[in-house]
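K.L.:
Structure below; questions to follow.
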Amino acid sequence: MQSEGLAWRRHGATLLFVLLWSGGALAAKWGLAHASAFAFLVIRLGVALAALTLIAFTRRRWWPAANTRWQVARTGALLIGGYQAAYLLALSHGITPGALATVLGVQPILTLVALERVHSARRLAGLAVALTGLALVVAQSLMSAQLSAAGSLWALAALACMTLGTLAQKGSRQTPLDVLPLQYAVGLAMALLVAPTQPWHVDASLGFWLPLLYMGLVISVGATLLLYRMIATGNLVTVTSLFYLVPVVTALLDWGIFGHRPTALAVAGTAAILLGLRLALR
């Protein structure tokens, strides 16, 4: 019974992560209608760092272990600063969200190649089917994609930062709350360095603050804590494969909240993602 309870808690945490992370796409789209991309990012990271600092104050633990701080900072530079900056710069250079999601969908395959010396044909085939399904879900965005050289390079940089950062975080033996404050401080510093080169405007309305708080607290703190815990305790290929489900759940939320019915291609892509994950993660 105890093992069954543990399994249910793990499944619950996984489902909660996918649901929260999927809502982030809708919140970001809403927020970016009221602020420029880097203004939204800098303020979001500032809100997250303030919340994590408050948590650190209540825990009376401010820093990671002394001999790990440079490693933690490098991981933060990849996962928080580098990934998010490269993601926004790819979008600003014409890459559509769907095309960018497809590029980032290669991450589980790269993680599999990096971590597992013996690659199961079924596992690779499952990830390939899931990636194809992802492309179908975002087909409309892919068809309108303009693959500029700069945008493509930034998309590949986002993929590299996320893949290398996740691998580095997997090696951490500290609790997420021990490393996240420093990582977000590094990420905020990097965003502030890039921000003067980017457009900056904020419409400080409710349409800005609600999605900002969702992204700054729910995603950057709550969902990221869940992600780091899953990285620490789970198979990394399995954890990264969860991101295939995010566009599916986002489409369902978009349908349920805003009435935007999924296309036939999106439905077919959802079926392919589920089939691919069943093959890869069975």
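K.L.:
Can you confirm whether region 165-178 contains a residue that is assigned to a loop (DSSP other than H, G, I, E, B), open to solvent by less than 50 Å² (accessible area, probe 1.4 Å) and closer than 14 Å to residue 88 by Cβ?
P.N.:
no
K.L.:
Right, next: Under 8 Å by Cβ, and 6 or more places apart or on different chains, what pairs join a residue from region 145-157 that is closer than 8 Å to residue 95 by Cα and at pLDDT below 80 with one that is hydroxyl-bearing (Ser, Thr, Tyr) and in a loop (DSSP other than H, G, I, E, B)?
P.N.:
What qualifies is 145/96; 146/96.
K.L.:
Same structure, new question: If I ask for residues that are at negative phi and either over 13 Å from the mean Cα position of the chain (by Cα) or among the β-branched types (Val, Ile, Thr) (or both), which ones from region 78-96 would you list?
P.N.:
Result: 80, 89, 90, 91, 92, 93, 95, 96.
K.L.:
Only residues that are out of contact with any helix residue (DSSP H, G or I) (no Cβ under 6 Å at 6 or more places or on another chain), open to solvent by less than 30 Å² (accessible area, probe 1.4 Å) and either within 14 Å of residue 131 (Cβ to Cβ) or β-branched (Val, Ile, Thr) (or both): list them for region 224-241, please.
P.N.:
Answer for region 224-241, where residues must be out of contact with any helix residue (DSSP H, G or I) (no Cβ under 6 Å at 6 or more places or on another chain), open to solvent by less than 30 Å² (accessible area, probe 1.4 Å) and either within 14 Å of residue 131 (Cβ to Cβ) or β-branched (Val, Ile, Thr) (or both): just 224.
K.L.:
Right, next: Which condition number does residue 30 fail, the rest of (1) of a type outside the set (Gly, Ala, Ser); (2) within 15 Å of residue 205 (Cα to Cα); (3) crowded, with 21+ Cβ neighbours inside 10 Å being met?
P.N.:
Going through the list (1) of a type outside the set (Gly, Ala, Ser); (2) within 15 Å of residue 205 (Cα to Cα); (3) crowded, with 21+ Cβ neighbours inside 10 Å, residue 30 breaks only (3).
K.L.:
Can you pull out the residues in region 251-267 that are open to solvent by 100 Å² or more (accessible area, probe 1.4 Å) and assigned to a helix (DSSP H, G or I)?
P.N.:
Scanning region 251-267 gives 255, 257, 258.
K.L.:
To continue, here is another question. Search region 131-146 for residues being of a type outside the set (S, T, N, Q) and open to solvent by 40 Å² or more (accessible area, probe 1.4 Å), and hand back the single one that is farthest from the chain's Cα centre (by Cα).
P.N.:
Ranking the qualifying residues of region 131-146, first place goes to 143.
K.L.:
Please find, among 101, 128, 149, the residue that is surrounded by 19 or more Cβ atoms within 10 Å (Cβ to Cβ) and either within 19 Å of the chain's Cα centre (by Cα) or farther than 19 Å from residue 254 by Cβ (or both).
P.N.:
Unique residue meeting the criteria: 101.
K.L.:
Check region 109-118 and report whether any residue there is within 30 Å of residue 137 (Cβ to Cβ), outside any helix (DSSP H, G or I), open to solvent by 40 Å² or more (accessible area, probe 1.4 Å) and not β-branched (Val, Ile, Thr).
P.N.:
yes
K.L.:
Let me ask another. Looking at 199, 176, 181, which is the one that is at pLDDT 95 or above and touching a Ser or Thr at 6+ places or on another chain (Cβ under 9 Å)?
P.N.:
Answer to the selection: 181.
K.L.:
Criterion first (closer than 21 Å to residue 184 by Cα and buried (at least 19 other Cβ atoms within 10 Å of the Cβ)) does residue 217 satisfy it?
P.N.:
no
The values are calculated or read from the model by the stated rules, or taken from the named source; none is laboratory data. Since the structure is predicted, the reported quantities are computational estimates derived from the model, not experimental observations. Every residue, glycine among them, receives a Cβ derived from its backbone with ideal geometry; neighbour counts consider all protein chains shown. We work out accessible area using only protein heavy atoms, side chains counted, and drop any ligands, DNA or RNA first. Shrake-Rupley method; radii C 1.70, N 1.55, O 1.52, S 1.80 Å.
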